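Undergrad: Right, I'll just put the structure down here and ask away after.
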Amino acid sequence: MPTRNEVSWNAIIQATAQNGHPDDAKYMFDKMPLWGIATWNILFYAYAQQGRVLEAARIFRTMPEHNLMSWNAMLAAFAQYGHQMQAKCCFDKMPERNIGAWNSMILLHGNLGLLTLAHLAFHKMPAWDVISWNTLFRAMYQNGHLDHATELFLCMPERSIVTWTSMIDVHGQGGYLDRAVETFNSMPCRDVVAWNALIAANVLNGHLHGAAVVFTSMPLHEAFGWTTMLATYAGQGCMEIAREMFESLSKRNVVSWNAMIQAYAQSGHGFEALELYHEMLLCGVMPDEASFKSVMVACSYVGMLHDTCHALLVSMASDFDVALSKDHFNCIADMLGRSGQLDRAEEFVHSMPVPPLEKATAWSALLGNCKLQQDAERAARVAEHALELNPGDSATYILLANLFASSGRLQDDMV
């Protein structure tokens with residue numbers, strides 16, 4: 001470009017950020033001669049979207065000024081990733097608060113299981129929108145307060161399709177399949193997620209025939225639907241029916257192959273999953289990230305974890321140009337831990353080529369595996385990493401306390 005103004009700089013920085021490259025966005029940001037508040041907002045939001053909240057917060061503190069969008073985005077990032085103290089501090093410092101700020105506080109408390117505080121934030125709001133109602137509803141639902149979620153649903157002045165679908169889940173989990181069906185039939189419109197929710201409700205309540213009827217009635221068979229049905233039959237030991245269902249497909253794409261491979265892997269049929277994966281390759285179907293994740297699970301069942309997984313990682317990048325994701329690394333770390341190789345699992349998590357803040361899931365899974373192996377000393381070390389990334393996670397403290405109690409170590413040894 002012969003000349004560049006702030007608008008053109010912002011456009012390229014935002015495009016880079018939206019493609020998941022905040023460091024590249026920062027590189028271009030540093031080359032700008034001047035920065036407006038919009039540019040600052042784009043940059044720190046780029047880091048927040050990738051879960052790199054502490055880096056986003058450092059940029060936020062560096063900003064010469066903030067507008068309401070800045071405050072809301074920073075608060076939302078703290079809330080989404082469970083940084084309770086930082087979110088509360090940010091909220092208290094806001095010069096003005098709109099509905100979005102209050103909604104973030106409901107989300108924060110709901111995610112942390114602090115339902116009294118979530119209710120308090122909701123009732124302090126000067127006004128509510130559909131997101132306010134949905135966020136409080138989701139807090140009740142996700143924390144197992146199904147009766148309260150139902151009461152809230154009935155009080156809602158307006159319901160989104162997400163709320164309707166969540167209500168199907170609530171009834172399904174509560175054992176009220178007839179209510180789930182009634183809710184589904186009452187929906188003003190339905191998407192594929194709602195259909196899948198009704199399938200899951202039937203499965204959860206042991207109605208395999210009902211799940212099959214719903215599945216065949218769907219106007220569009222989506223990946224989750226196939227995966228649910230195949231996994232359902234597999235989970236009930238009906239692998240022959242699952243395979244017949246797979247073989248009956250007139251056209252098979254990577255989604256349908258993945259669903260069958262995943263069904264085999266998750267039901268402990270590791271060799272069958274690996275055979276089907278190779279059959280998929282022979283049929284000319286290119287694997288994707290989900291394919292490799294299911295095959296890794298299969299490898300763990302057949303005792304081929306190290307060599308085979310290493311070969312898969314090389315194959316992903318060199319043969320199929322599939323980018324390694326955080327989920328793949330988490331999967332390998334968890335499988336190493338579950339197979340009793342805690343030394344290698346801990347070493348692997350340390351060496352994972354992802355930002356430290358993105359290792360929270362891996363550390364938490366490793367902590368659980370330490371408990372299974374009764375390795376209290378390692379658990380204390382792993383818990384330090386987990387709590388550093390998520391200080392408000394009470395589950396980590398509870399798990400560690402239970403492990404120390406069962407191993408006879410003093411509570412003073414806890415981190």
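Undergrad: With a 1.4 Å probe and all protein chains kept in place, how do E358, E388 rank by accessible area, largest first?
TA: My answer, sorted largest first, is E388, E358.
Undergrad: Now for a different question. Roughly how many Å² of Y81 are accessible to a 1.4 Å probe, to the nearest 10?
TA: 80
Undergrad: Could you state the accessible area per residue of region 1-107 in Å², with a 1.4 Å probe and every protein chain left in place?
TA: Computed with neighbouring chains in place, this is 54 Å² per residue.
Undergrad: Let me ask something additional. Convert each backbone phi in region 275-289 into a coupling constant with the Karplus relation 6.51 cos²θ - 1.76 cosθ + 1.60 (shift: θ = phi - 60°), then list the ³J(HN,Hα) values in order as whole Hz, x for Gly and Pro.
TA: These are the phi-based 3J(HN,Hα) values: 4, 5, 4, 5, 5, 4, 5, 5, 7, x, 8, 7, x, 10, 4 Hz.
Undergrad: Please list, in order along region 52-68, the HN-Hα scalar couplings obtained from phi with the Karplus expression 6.51 cos²θ - 1.76 cosθ + 1.60 (θ = phi - 60°), rounded to whole Hz, x for Gly and Pro.
TA: Per residue, the Karplus-derived 3J(HN,Hα) values read 8, 5, 5, 5, 4, 5, 5, 5, 4, 5, 7, 4, x, 8, 10, 10, 4 Hz.
Undergrad: Counting only protein chains, not ligands or nucleic acids, how are I99, I13, I59 ordered by accessible area (probe 1.4 Å), most first?
TA: I99, I59, I13
Undergrad: Could you put K326, K93 in order of accessible surface area, largest first, with the 1.4 Å probe and the full protein assembly present?
TA: K93, K326
Undergrad: Can I ask one more? With 36 Å as the cut-off, how large is the P(r) tail for the chain, expressed as percent of Cα-Cα pairs?
TA: 40
Undergrad: So what does H123 come to for accessible area, using a 1.4 Å probe and Å² rounded to 10?
TA: Around 120 Å² of this residue is reachable by solvent.
Undergrad: Now for a separate question. Could you check how much of the accessible area of the chain is carbon and sulfur, as a whole percent, using a 1.4 Å probe?
TA: On the chain, the fraction of accessible area on carbon and sulfur atoms equals 55 percent.
Undergrad: Amide H neighbours of L114 under 5 Å, at least 5 residues apart or on other chains, H built in the peptide plane: list them.
TA: Close amide H contacts, sequence-distant or interchain: none at all.
Undergrad: Looking at this model, which pairs from K26/K93; K93/K359; K88/K359 are more than 28 angstrom apart at the alpha-carbon?
TA: Among K26/K93; K93/K359; K88/K359, the Cα-Cα distance tops 28 Å for K93/K359.
Undergrad: Taking the Cβ of F329 as the centre, find all other residues whose Cβ is under 14 Å away and add up their charges (Lys, Arg: +1; Asp, Glu: -1).
TA: -2
Undergrad: Which value, in Å² and to the nearest 10, is the accessible area of D375 when all protein chains are kept and the probe is 1.4 Å?
TA: About 40 Å², ignoring ligands and nucleic acids.
Undergrad: Let me ask you something else. Could you tally the net charge around H109, taking each other residue with its Cβ under 14 Å from the Cβ of H109, Lys/Arg +1 and Asp/Glu -1?
TA: Here the charged neighbours net out to +3.
Undergrad: Here's another thing I want to ask about it. Counting pairs of alpha carbon atoms under 8 Å apart in space and at least six apart in sequence, what relative contact order in percent does the chain give?
TA: Relative contact order comes out at 7 percent.
Undergrad: In square angstrom, what is the accessible area per residue of region 155-227 with a 1.4 angstrom probe?
TA: 50
Undergrad: What is the distance in Å between the Cα centroid of region 114-188 and that of region 38-104?
TA: Between the Cα centre of region 114-188 and that of region 38-104, the gap is 27 Å.
Undergrad: Using θ = phi - 60° and the Karplus curve 6.51 cos²θ - 1.76 cosθ + 1.60, what whole-Hz ³J(HN,Hα) does each residue of region 8-23 get, with Gly and Pro shown as x?
TA: For region 8-23, the Karplus-derived couplings read 5, 4, 4, 5, 6, 5, 5, 4, 5, 5, 5, 8, x, 10, x, 5 Hz, x marking Gly and Pro.
The values are calculated or read from the model by the stated rules, or taken from the named source; none is laboratory data. This structure is a prediction, so every number in the text was calculated from the model and none was measured. Methodologically, a virtual Cβ is constructed for each residue, glycine included, from the backbone with ideal geometry; neighbour enumeration extends over all protein chains shown. Each accessible area value is taken on the protein alone, full model and side chains, heavy atoms only, with ligands, DNA and RNA left out. Shrake-Rupley method; radii C 1.70, N 1.55, O 1.52, S 1.80 Å.
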